[in-house]
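Novice: After the structure tokens below, expect a handful of questions from me.
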Amino acid sequence: MILEAVSLVKRFGDVRAVDGISLTVGQGEIAGLLGPNGAGKSTTLHMLLGLVTPDSGEVRMFGLDLAKNRTEVLSQVNFSASYLGLPGVLHVREVLNAFARLYGLRHPRKRVEEVIDLLEIGPLARRKVVELSSGQHTRVQLAKALINEPRLLILDEPTAALDPDAGDRIRAMLVRIARESGTALLITSHNMREVERMCERIHFVSAGRIVATGTAAELASDFGVDDLEEVFLKVAREGAVPA
Amino acid sequence: MTTSPVMPMDSVEGAAGLAYPPLSPAARRRRIGGVVARDLAALRRSPIRVFEIVFWPVIELVVWGYVTLFLQAQKVPFIVSALLGAVLLWQVLHRASNEVAIGFLEDIWSRNLLNVQVTPVTPAEYMTGLVLFSLTKIAAGITIMALLAYALYGFGLLTIGIGLVPFMAVLMVMGWSLAIVAISCVLRFGEGAQVIAWSLVFVFQPLAGVFYPVSVLPEALRAISAFVPATHVFEGMRAVLNGGAIPWDRLGAAAVLDVAYVALALWLYGLTLRHARTKGRLSRFGE
């Protein structure tokens, strides 16, 4: 198993932001974490990345306990989120080169050129990050997220700032990477079509708990609706759980 | 889009061959180099930052230089070299403290801190990278100031002699420890605490007897000043410039104090980092 989270709990004051979430992601699997704003998705992702320490529960990756093997685990994981920035004054190639080194790569420059080709951002390589559009910034963030050929890639709304064409190409690329290299992906998104198309397993989170898990078709069937968007609305508005 | 080279999935070390084993010295050197490379690139791309290396030190040197020229006219020549030496060595402490803190703050300002925190870089490696990069800027700033002091006022920093090396080393280490304390305050109290990064070092200026001997301080402050590493440097500098020998015993005491300062600062950093992870404050730096 690539990722195994067991009974994660996180309280902030009186608020139970995450209330006993358990989930697994296997090699090459693309899993989705869905839920309304404030459901606990980002806190869960941040616990998986070691940014937030759980009050209780355990995160294991590649058979290792994250809390005790932080450096070994994080060298094989990467993360991209639409709300994160990059050093604005640096050229794109310099940013990627710095991250290649932060991940301890043997040949950082070679790998930087590979991800530049992979994300088709060659024309941006000599531009400052601060000059990029939000869509271009997202592609550079994704290049950063692939720099260490991660075994687990955690993406918080990866295509939020992309136009439909760029979004579709990025989705296709991510699926191909999962298929060909066995990279596991854990994704949050508010784009239901994206989740339906990419994710083999979807975890619905509400009020800090996973209230349903399954494929898009299974979830629609369980909730007695036609598609994932209606499942989302039922969970968000009615706090519904599957029949 | 092209396909990523396939990585082997049967190794706990991940993309074997792509990266050094995460705990190896080579990986640690590479990660520290990553912090340095990023900051060097930022410096190269930002004329404002280059300007800043020169601007404040030059302003201080000019102001204090003319003060000393005035004093020289009053027939107190020792004061001239003591003040100019103090201005130059104060810059070592000041820059060491500010540059490391700014390196960290730039990650916050660019919302890049979480990107760095999810890499395998350890806190010690991150701090080492910031410290190594600060050396570059300190060296550049001090070289320019020393040349200017010689050109404008005929004061040669090297007249301090071999003692200059330990003097500067003690001040840099103290400056770095203050920077780590300032960073810890930002982690604990949020971005609003970044003013501490600029001001903490000035708390020590009156105590350390930068521009006057600590003998003029009240007894209570004099007792406290003995526990400030910089005090021993500035007292030592005045002794040397007055024709005395390098006070190695005082430098030894300052080095011991430096070790204590760094140890305390790193302990505080570890504590506040754990606290920030527990309270979810680290996540908020990405918002």
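The values are calculated or read from the model by the stated rules, or taken from the named source; none is laboratory data. Just so it is clear, the model here is predicted, and its values are computed rather than measured. As a convention, Cβ positions derive from the backbone with ideal geometry for all residues, glycine included, and neighbour counts pool all protein chains shown. Note: accessible area is taken over every heavy atom of the protein model, side chains too, but ligands, DNA and RNA are not part of it. Shrake-Rupley method; radii C 1.70, N 1.55, O 1.52, S 1.80 Å.
Novice: Looking at A:206, A:181, which one is on the phi < 0 side of the Ramachandran plot, more than 15 Å from the chain's Cα centre (by Cα) and more than 13 Å from chain B (Cβ to nearest Cβ)? Steps first, please.
Specialist: Numbers: A:181 fails: more than 13 Å from chain B (Cβ to nearest Cβ).
Selected residue: A:206, the only one of A:206, A:181 that is on the phi < 0 side of the Ramachandran plot, more than 15 Å from the chain's Cα centre (by Cα) and more than 13 Å from chain B (Cβ to nearest Cβ).
Novice: Now for a different question. Name every residue in region A:104-113 that is surrounded by fewer than 19 Cβ atoms within 10 Å (Cβ to Cβ) and either more than 9 Å from chain B (Cβ to nearest Cβ) or part of a helix (DSSP H, G or I) (or both), in order of residue number. Before the answer, list the steps.
Specialist: Of the residues in region A:104-113, the ones surrounded by fewer than 19 Cβ atoms within 10 Å (Cβ to Cβ) are A:106-107, A:109-110, A:113.
If the condition is that a residue be surrounded by fewer than 19 Cβ atoms within 10 Å (Cβ to Cβ) and either more than 9 Å from chain B (Cβ to nearest Cβ) or part of a helix (DSSP H, G or I) (or both), then A:109, A:110, A:113 are the ones that fit.
Novice: I'd like the residue in region A:73-82 that is farther than 21 Å from residue B:28 by Cα and open to solvent by less than 20 Å² (accessible area, probe 1.4 Å) and, out of all such residues, is nearest to the other protein chains (Cβ to nearest Cβ). Break it down into steps so the answer makes sense when it comes.
Specialist: Here is the first cut: in region A:73-82, the ones farther than 21 Å from residue B:28 by Cα are A:80-82.
Adding the requirement that they be open to solvent by less than 20 Å² (accessible area, probe 1.4 Å) leaves A:80-81.
Values: A:80: 9, A:81: 7 Å.
If we take residues in region A:73-82 being farther than 21 Å from residue B:28 by Cα and open to solvent by less than 20 Å² (accessible area, probe 1.4 Å), then A:81 is nearest to the other protein chains (Cβ to nearest Cβ).
Novice: Give the residue, chosen from A:8, A:33, A:45, that is in contact with a strand residue (DSSP E or B) (Cβ under 8 Å, 6 or more places away or on another chain), aliphatic (A, V, I, L, M) and not in a strand (DSSP E or B).
Specialist: On the way: A:8 fails: not in a strand (DSSP E or B); A:33 fails: not in a strand (DSSP E or B).
The conditions single out A:45.
Novice: How many residues does region B:215-228 contain that are open to solvent by less than 50 Å² (accessible area, probe 1.4 Å) and under 23 Å from residue B:95 (Cα atoms)?
Specialist: 3
Conditions tested, residue by residue: (1) at pLDDT 75 or above; (2) open to solvent by 30 Å² or more (accessible area, probe 1.4 Å); (3) more than 29 Å from residue B:105 (Cβ to Cβ); (4) within 8 Å of another protein chain (Cβ to nearest Cβ).
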residue: B:14; (1), (2), (3), (4): no, no, yes, yes
residue: B:34; (1), (2), (3), (4): yes, no, no, yes
residue: B:38; (1), (2), (3), (4): yes, no, no, yes
residue: B:66; (1), (2), (3), (4): no, yes, yes, no
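Novice: Something else: So which pairs qualify, if the first residue must be in region B:251-267 and within 15 Å of residue B:131 (Cβ to Cβ), the second must be of a type in the set (Gly, Ala, Ser), the Cβ gap must be under 7 Å, and the two must be at least 6 apart or on different chains?
Specialist: B:261/B:177; B:262/B:177; B:265/B:177
Novice: If you don't mind, another one. Name the single residue that is farthest from the other protein chains (Cβ to nearest Cβ) among those in region B:40-62 being touching a helix residue (DSSP H, G or I) at 6+ places or on another chain (Cβ under 7 Å) and not aliphatic (A, V, I, L, M).
Specialist: That would be B:60.
Novice: To continue, here is another question. Can you find even one residue in region A:48-66 that is among the basic types (Lys, Arg), under 20 Å from the mean Cα position of the chain (by Cα) and open to solvent by 10 Å² or more (accessible area, probe 1.4 Å)?
Specialist: Residues of region A:48-66 among the basic types (Lys, Arg): A:60.
Still in the running and under 20 Å from the mean Cα position of the chain (by Cα): A:60.
Keeping just the survivors that are open to solvent by 10 Å² or more (accessible area, probe 1.4 Å) gives A:60.
So far as region A:48-66 goes, yes, one or more of its residues are among the basic types (Lys, Arg), under 20 Å from the mean Cα position of the chain (by Cα) and open to solvent by 10 Å² or more (accessible area, probe 1.4 Å).
Novice: Let me ask another. Please find, within region B:222-242, the residue that is farthest from the chain's Cα centre (by Cα) out of those that are over 17 Å from residue B:86 (Cβ atoms) and in a loop (DSSP other than H, G, I, E, B). Break it down stepwise before answering.
Specialist: So the first thing to find is which residues in region B:222-242 are over 17 Å from residue B:86 (Cβ atoms), and the list is B:222-224, B:226-227.
After this cut, where a residue has to be in a loop (DSSP other than H, G, I, E, B) as well, the list is B:226-227.
Values: B:226: 21, B:227: 19 Å.
Taking the candidates together, the pick is B:226.
Novice: Next up: Name the strands (runs of 3 or more DSSP E) wholly inside region A:127-243 in which the number of residues that are open to solvent by 40 Å² or more (accessible area, probe 1.4 Å) and touching a strand residue (DSSP E or B) at 6+ places or on another chain (Cβ under 8 Å) is 1 or more.
Specialist: Qualifying strands (runs of 3 or more DSSP E): A:201-206, A:209-214.
Each row is one residue, and each column tells you yes or no for (1) within 13 Å of chain B (Cβ to nearest Cβ); (2) open to solvent by 30 Å² or more (accessible area, probe 1.4 Å); (3) not hydrophobic (A, V, I, L, M, F, W, C).
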{"residue": "A:7", "(1), (2), (3)": "no, yes, yes"}
{"residue": "A:15", "(1), (2), (3)": "yes, yes, no"}
{"residue": "A:21", "(1), (2), (3)": "no, no, no"}
{"residue": "A:28", "(1), (2), (3)": "yes, no, yes"}
{"residue": "A:33", "(1), (2), (3)": "no, no, no"}
{"residue": "A:89", "(1), (2), (3)": "yes, yes, no"}
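Novice: Please list, ordered by first then second residue, the pairs with beta carbon atoms under 9 Å, 6 or more apart or interchain, first in region B:62-91 and among the basic types (Lys, Arg), second part of a helix (DSSP H, G or I) and modelled with pLDDT under 75.
Specialist: none
Novice: Of all residues in region B:179-204, count the ones that are modelled with pLDDT of 85 or more, closer than 24 Å to residue B:225 by Cβ and aromatic (Phe, Trp, Tyr).
Specialist: Matching residues across region B:179-204 total 2.
Novice: Applying the selection to region B:106-140, what residues are away from chain A (no Cβ under 14 Å), of a type outside the set (A, V, I, L, M, F, W, C) and either under 30 Å from residue A:74 (Cα atoms) or open to solvent by less than 10 Å² (accessible area, probe 1.4 Å) (or both)?
Specialist: B:134, B:136
Novice: Go through region A:91-103 and count every residue that is within 8 Å of chain B (Cβ to nearest Cβ) and open to solvent by less than 20 Å² (accessible area, probe 1.4 Å). Talk me through it step by step, then tell me what you get.
Specialist: The first filter runs over region A:91-103 and keeps only residues within 8 Å of chain B (Cβ to nearest Cβ), leaving A:91, A:94-95, A:97-103.
Narrowing further to those that are open to solvent by less than 20 Å² (accessible area, probe 1.4 Å): A:95, A:98-100, A:102-103.
Within region A:91-103, residues that are within 8 Å of chain B (Cβ to nearest Cβ) and open to solvent by less than 20 Å² (accessible area, probe 1.4 Å) number 6.
Novice: Would you mention how many residues in region B:257-287 are in a loop (DSSP other than H, G, I, E, B) and open to solvent by 20 Å² or more (accessible area, probe 1.4 Å)? Give the derivation first.
Specialist: Initial filter on region B:257-287 (in a loop (DSSP other than H, G, I, E, B)): B:280, B:285-287.
Pick out the ones that are also open to solvent by 20 Å² or more (accessible area, probe 1.4 Å) and you get B:287.
Residues flagged as in a loop (DSSP other than H, G, I, E, B) and open to solvent by 20 Å² or more (accessible area, probe 1.4 Å) within region B:257-287 amount to 1.
Novice: One residue is enough: does region B:229-252 have a residue meeting the conditions buried (at least 18 other Cβ atoms within 10 Å of the Cβ) and touching an Asp or Glu at 6+ places or on another chain (Cβ under 6 Å)?
Specialist: Yes, that holds for at least one residue.
Novice: I want to confirm something. Restricting to region A:52-72 and keeping residues that are over 29 Å from residue A:190 (Cβ atoms) and assigned to a loop (DSSP other than H, G, I, E, B), which single residue is nearest to the other protein chains (Cβ to nearest Cβ)?
Specialist: A:62
Novice: Exactly one of (1) touching a helix residue (DSSP H, G or I) at 6+ places or on another chain (Cβ under 8 Å); (2) open to solvent by 10 Å² or more (accessible area, probe 1.4 Å) is unmet by residue A:70. Its number?
Specialist: (1)
Novice: Could you tell me whether region B:121-132 includes any residue that is more than 26 Å from residue A:84 (Cα to Cα) and in contact with a Lys or Arg (Cβ under 9 Å, 6 or more places away or on another chain)?
Specialist: No, region B:121-132 contains no residue that is more than 26 Å from residue A:84 (Cα to Cα) and in contact with a Lys or Arg (Cβ under 9 Å, 6 or more places away or on another chain).
Novice: State whether the residues of region B:145-166 include one that is closer than 30 Å to residue B:270 by Cβ and not acidic (Asp, Glu). Spell out the reasoning first.
Specialist: Let us first name the residues in region B:145-166 that are closer than 30 Å to residue B:270 by Cβ, namely B:166.
Filter once more, so that each one left must be not acidic (Asp, Glu): B:166.
Yes, region B:145-166 contains at least one residue that is closer than 30 Å to residue B:270 by Cβ and not acidic (Asp, Glu).
Novice: Right, something else. Residues to consider are A:184, A:145, A:166, A:161; find the one that is closer than 22 Å to residue A:25 by Cα and outside the structural domain of residue A:89 (by TED's automatic domain parsing).
Specialist: On the way: A:145 fails: outside the structural domain of residue A:89 (by TED's automatic domain parsing); A:166 fails: closer than 22 Å to residue A:25 by Cα; A:161 fails: closer than 22 Å to residue A:25 by Cα.
The match here is A:184.
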